[in-house]
Every structure is written in structure tokens, then in C-alpha cells.
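Reviewing the structure listed below.
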Amino acid sequence: MAEKKEKIDSEKSAKTEKKVVVPEKFKDLVEKIEKLSVLDLAELVKILEKKFGVTAQAQVVAAPTAVTGAEGAAPAAEEKTVFNIELKEVGDKKIEVIKVVRDVTGKGLKEAKDLVDAAASSPQMVKENAKKEEAEEIKKKLETAGAKVELK
């Protein structure tokens, strides 16, 4: 009998811990969202992501640790996994750079040449949303060909 009472008490405490105070101005909205099915809620999230240009990904928060010295001076930035590759300068080996740009982008000779020529006056985007490994490989190829590249 005592075990049942403990179980009931623990369930009650778990329910009360989950209770969230909703401000009056959001009560109507929260009630409507509570009534949505999981599929409808997922669809709503997708629509809101597109509308506002955001993603509903869980934010990873690292637990603070005791750090001394230079490491403790600045908080650790979240490591980027996707990069845009920007051609800053062409260098002396223009033909080599054009070949690398063609290889990386899949563009034709004229498009690659135009991109490389335009980089002489202002930085040009070679590839967008490349994974870290791919971006570093492309950067290495372009720098080997004599170009100056920046990953953003």
C-alpha cells in the first residue's frame, strides 16, 4: 500500500513539475496549439521555418567548466559545418584557377572564366553551402593553383 502511495505521489510531482505558466496574451494561442495533432504541428513548424527563415533545431548548450588561462578568456564558438567558398584573388596562375573552378562547380569554360575574371574586381562566390571537409579541399585546390580564398 505504501508503494502505491509513493508511486502516486511521484506521478503527481512529475505532473506539477511539467506545468508551465503561460502569459495571458499567449493563452489562446497555446490552447489552439495543444489541440493540434502531431502531424499538423509538424506542418506548422515547417511553415513557420519557411516564413521567418529560421530552423527549429534544439540548441546545444555546453555545461560550464572551470577553465584557466587564455582558454577561459573567450567563450567557445559553435563550430560551423557548412561554408561558402569565396574567391578573393586569382593570383598569377589564372588558367589553373579557371580549371579548378570548372572542376569544383561543374560550370563550362566561359562561366568559370567569367567568375575568375570578376574576382579580379570583387570577391566571387565559388560554391555555397559546402560541407567542412569539401570546403577545405576546394580551398586547398584553389590555393595550390595560386588563388586566395576565404571560407565564410
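The values are calculated or read from the model by the stated rules, or taken from the named source; none is laboratory data. Computed from a predicted structure; not experimentally measured. Every residue, glycine among them, receives a Cβ derived from its backbone with ideal geometry; neighbour counts consider all protein chains shown.
Restricting attention to the stretch 119-152, the residues being hydrophobic (A, V, I, L, M, F, W, C) and touching a Gly at 6+ places or on another chain (Cβ under 6 Å) number 1. For the stretch 128-144, a residue qualifies if it is in contact with a strand residue (DSSP E or B) (Cβ under 6 Å, 6 or more places away or on another chain), more than 20 Å from LYS93 (Cβ to Cβ) and surrounded by 13 or more Cβ atoms within 10 Å (Cβ to Cβ), and the qualifying residues are ALA130, ALA135. Among the residues of the stretch 128-143, write down those that are touching a residue at least 12 places away in the same chain (Cβ under 8 Å) and assigned to a helix (DSSP H, G or I). Selection gives LYS132, ALA135, GLU136, ILE138, LYS139, LYS141, LEU142. When the residues of the stretch 38-73 are filtered to those that are over 26 Å from LYS131 (Cβ atoms) and outside any helix (DSSP H, G or I), which remaining residue is modelled with the highest pLDDT? Here the answer is PRO64.
Which residue is nearest to ALA147 (Cα to Cα), if the candidates are limited to the stretch 91-118 and must be in a loop (DSSP other than H, G, I, E, B) and in contact with a Gly (Cβ under 8 Å, 6 or more places away or on another chain)? For the stretch 91-118, the residue satisfying everything is GLY91.
Do we have LYS93 as touching a strand residue (DSSP E or B) at 6+ places or on another chain (Cβ under 7 Å) and surrounded by fewer than 18 Cβ atoms within 10 Å (Cβ to Cβ) here?
no
Taking only pairs six or more apart or across chains, which ones have beta-carbon atoms under 8 Å, a first residue in the stretch 107-122 that is modelled with pLDDT under 90, and a second residue that is outside any helix (DSSP H, G or I) and of a type in the set (Asp, Glu)? Final answer for the pair search is ALA119/GLU89; ALA120/GLU89. Put simply, of LYS25, LYS88 the only residue that is modelled with pLDDT of 85 or more, loosely packed, with under 10 Cβ neighbours inside 10 Å and either in contact with an Asp or Glu (Cβ under 9 Å, 6 or more places away or on another chain) or in a helix (DSSP H, G or I) (or both) is LYS25.
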